[in-house]
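Colleague: Pasting a structure below so you can have a look.
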Amino acid sequence: MALSAAPAGAQEPGAPVPAAELISGEPHSMPIAGMITMVDIGAHSCIPCKMMTPIIEELSTEYEGRAAIAFIDVWKHRAEASKYGVTTIPTQIFYDTQGKERYRHVGYLDKQSIVAKLAELGVE
């Protein structure tokens, strides 16, 4: 299943992006309209971010089609940090289906906590 998000610099804005692409580290238009969205703002080289990588990869697969799980590397795309108001990484931001920020966490966040927050926001 493809989610509707446009990576920065995409040739066709609004073109569907596979869920796996959302965790590539590249910026995307977030949150995904009509879906619970979790964006992990971090860097591929940051130690706690590296610890979260397998969790984000697992969740991306497990929740594909039910929630959007994304990762943005702000060491490679520095402007994204200010766009999301992030000063410390990793930071996880959860959005509801209307695109409203519902929860923000700074630091490492374990899989159980992410799953619980997604459930709290209505993801089955």
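The values are calculated or read from the model by the stated rules, or taken from the named source; none is laboratory data. Predicted, not measured: the structure shown is a model, and the values here were computed from it. Cβ: placed from backbone, ideal geometry, glycine included. Neighbour counts: every protein chain shown. Areas reflect the complete protein model, heavy atoms only, side chains present, ligands, DNA and RNA absent. Shrake-Rupley method; radii C 1.70, N 1.55, O 1.52, S 1.80 Å.
Colleague: Applying the selection to region 39-62, what residues are surrounded by fewer than 19 Cβ atoms within 10 Å (Cβ to Cβ) and outside any loop (DSSP other than H, G, I, E, B)?
Modeller: ILE47, PRO48, LYS50, MET51, THR53, PRO54, GLU57, GLU58, THR61, GLU62, listed by residue number.
Colleague: What's the total number of residues in region 63-109 that are of a type in the set (A, V, I, L, M), in a loop (DSSP other than H, G, I, E, B) and in contact (Cβ under 8 Å) with a residue 40 or more places away in the chain?
Modeller: Of the residues in that region, 4 qualify.
Colleague: Under the condition of being assigned to a helix (DSSP H, G or I) and within 21 Å of GLY34 (Cβ to Cβ), which residue from region 110-124 is most open to solvent (accessible area, probe 1.4 Å)?
Modeller: Among those residues, the one meeting the criterion is GLU120.
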